[in-house]
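Take a look at the structure below.
The values are calculated or read from the model by the stated rules, or taken from the named source; none is laboratory data. Because the structure is predicted, anything quoted here is derived from the model rather than measured. Quick reminder, even Gly has a Cβ in these numbers, built from the backbone with ideal geometry, and neighbours come from all protein chains shown. Please note that ligands, DNA and RNA were not included when accessible areas were found on the heavy atoms of the full protein model with its side chains. Shrake-Rupley method; radii C 1.70, N 1.55, O 1.52, S 1.80 Å.
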Amino acid sequence: MEAEILGIAKDMMKVAMILSFPALFISMIIGLMISIFQATTQINEMTLSFVPKLIGIAVVIILTAPWAMNTLIDFTTRIFKMIPTFIQ
């Protein structure tokens with residue numbers, strides 16, 4: 001019983017990392033580009049990177065929403081199918 005619960009927790013963490021990767025990756029790339037721009041122009045405005053990151057993350061979330069929803073539905077379906085094995 002404990003092994004199944006630990007397996008579910010491991011799968012849950014894996015799904016969470018997979019789903020968050022696209023937004024985190026784009027945020028990192030945009031942040032790196034803004035940092036390079038700030039270093040070359042010597043503009044040290046702290047809020048300069050906020051808006052591009054926000055827009056980039058919003059675009060990535062919109063573009064990956066169908067894939068993320070299918071991944072979550074598959075995970076949830078798998079969990080619901082495992083419920084009868086826990087009731088015994």
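Condition check ((1) over 20 Å from A16 (Cβ atoms); (2) of a type outside the set (G, A, S); (3) part of a helix (DSSP H, G or I); (4) in contact (Cβ under 8 Å) with a residue 24 or more places away in the chain) across all residues:
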site: M33; (1), (2), (3), (4): yes, yes, yes, no
site: F37; (1), (2), (3), (4): yes, yes, yes, no
site: I55; (1), (2), (3), (4): yes, yes, yes, no
site: I62; (1), (2), (3), (4): no, yes, yes, no
site: M69; (1), (2), (3), (4): no, yes, yes, no
site: L72; (1), (2), (3), (4): no, yes, yes, yes
site: T76; (1), (2), (3), (4): no, yes, yes, no
site: M82; (1), (2), (3), (4): no, yes, yes, yes
Could you please let me know if I43 is β-branched (V, I, T), within 20 Å of the chain's Cα centre (by Cα) and open to solvent by 70 Å² or more (accessible area, probe 1.4 Å)? no
Answer with yes or no whether V51 is in a helix (DSSP H, G or I) and surrounded by 13 or more Cβ atoms within 10 Å (Cβ to Cβ). no
Can you name the residue in region 16-28 that is free of Cβ contacts under 8 Å to residues at least 40 places away in the same chain and open to solvent by 60 Å² or more (accessible area, probe 1.4 Å) and is also nearest to I73 (Cα to Cα) among such residues? M17
Could you list, in sequence order, all residues of region 68-88 that are more than 13 Å from the chain's Cα centre (by Cα) and either of a type in the set (S, T, N, Q) or open to solvent by less than 90 Å² (accessible area, probe 1.4 Å) (or both)? N70, I73, F75, T76, T77, I79, M82, I83, P84, T85, F86, Q88
Assess whether A65 counts as being under 12 Å from the mean Cα position of the chain (by Cα) and open to solvent by less than 80 Å² (accessible area, probe 1.4 Å). yes
Among the residues of region 1-15, count how many are open to solvent by 60 Å² or more (accessible area, probe 1.4 Å) and either at pLDDT 90 or above or closer than 21 Å to I62 by Cα (or both). 5
